[in-house]
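Engineer: Mind having a look at this structure? Questions to follow.
The values are calculated or read from the model by the stated rules, or taken from the named source; none is laboratory data. Remember, it's a predicted structure, so these values are computed and weren't measured experimentally. Every residue, glycine among them, receives a Cβ derived from its backbone with ideal geometry; neighbour counts consider all protein chains shown.
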Amino acid sequence: MSAQAPPSSTGSTKLDAIKATAAAAAPGAPKGLDLYSRFAFAGAVCCAVTHGGFTPVDVVKTRIQLDPATYNKGLIGSGRQILANEGFGALWTGVGPTFAGYFLQGAFKFGGYEFFKQQCINQFGYEAASNNRTAVYLASAATAEFFADVALCPLEATRIRLVSQPTFANGLVGGFSKILKNEGVGAFYSGFGPILFKQVPYTMAKFVVFEKVSEAVYRQVDKSKASSGMQTTINLGSGLIAGFAAAIISQPADTMLSKINKTQGLPGEGTISRLVKIGGELGLRGSFGGIGARLFMVGGITAGQFAIYGDIKKALGATGGVEISK
């Protein structure tokens, strides 16, 4: 790419590679498992805190997707409906599996993203990775998300069952155990196809848009001279834009995921046939049910994630070795 390098760059990918290698090899700098465990911890915390905090919005969004005839008054109106009919606690249904699931997912997603970026650097060299960084971002995000979804899927299935059927069980342990006992391990992964279809494009868009927006900002602002507050603000703004893009791309799959986890499938009915049937019933318009609530939720979550992630990384000293932006 011919984009102008930021002031903190030398303007040469070869020299930047030497600088990055020197920074990563600095005495006391975390390396290997120590480094990626810090990335993973920062990712786990930022995802658990943000997704957990947005549980009421997620509950309303899921209800709108699953029962649009009843919940047809938008985010605020539908939230008031739930409050009036079921009380404050109903808005926090599924907070346990949400927190636990996204703690695991965040560790794999953010830690994996940094890990696979480094593998690309190791495989192709810093200069080639930097010059083809969009492809590196996409491939790293997709691979990391696959493993993250393996960890998330059982807890997401439990959360959706608790939200869609409030009397199903009491919390994470009860809901998880009941599904396992009555329906078997396979029930936890009935939504694995939709969750991949939703999360992989979501995460690819999320990281690429974040990286590109941040890069555009840092062409104007010298990152090495930016205060911690300024860097956090840039992370928030870049994350907000990334969240909007990711939400729109992944909305149809999110709706299908909610539908397929709402109830147990019919005897002998496979996941693919269920997805085809659900897709036909929804149509294009139905696939975007709850998009307003989800834009609000995902935009806020993503902004918060990148802000928290960046701050925790800095606090843990996990900042070197995987930066390939110009």
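Engineer: For the range 123-179, which positions are more than 23 Å from D67 (Cα to Cα) and β-branched (V, I, T)?
Structural biologist: Listed by number, the residues that qualify are T134, V136, T143, V150, V173.
Engineer: Next question, about the same structure. Which number in (1) outside any loop (DSSP other than H, G, I, E, B); (2) crowded, with 16+ Cβ neighbours inside 10 Å; (3) modelled with pLDDT under 85; (4) not β-branched (V, I, T) marks the one condition that K14 misses?
Structural biologist: Only one criterion in (1) outside any loop (DSSP other than H, G, I, E, B); (2) crowded, with 16+ Cβ neighbours inside 10 Å; (3) modelled with pLDDT under 85; (4) not β-branched (V, I, T) is unmet by K14, namely (2).
Engineer: Sticking with this structure for a sec: For the range 212-232, what are the residues that are in contact with a Ser or Thr (Cβ under 9 Å, 6 or more places away or on another chain), outside any loop (DSSP other than H, G, I, E, B), surrounded by fewer than 22 Cβ atoms within 10 Å (Cβ to Cβ) and not small (G, A, S)?
Structural biologist: K212, V213, E215, V217, K223, K225
Engineer: Just to be sure I understand, how many residues within the range 54-93 are of a type outside the set (S, T, Y), under 21 Å from N170 (Cα atoms), in contact (Cβ under 8 Å) with a residue 40 or more places away in the chain and not in a helix (DSSP H, G or I)?
Structural biologist: Residues flagged as of a type outside the set (S, T, Y), under 21 Å from N170 (Cα atoms), in contact (Cβ under 8 Å) with a residue 40 or more places away in the chain and not in a helix (DSSP H, G or I) within the range 54-93 amount to 1.
Engineer: Could you go through the range 160-167 and let me know if any residue there is touching a Lys or Arg at 6+ places or on another chain (Cβ under 9 Å), of a type in the set (K, R), closer than 26 Å to A253 by Cβ and at pLDDT below 90.
Structural biologist: For the range 160-167, residues touching a Lys or Arg at 6+ places or on another chain (Cβ under 9 Å), of a type in the set (K, R), closer than 26 Å to A253 by Cβ and at pLDDT below 90: present.
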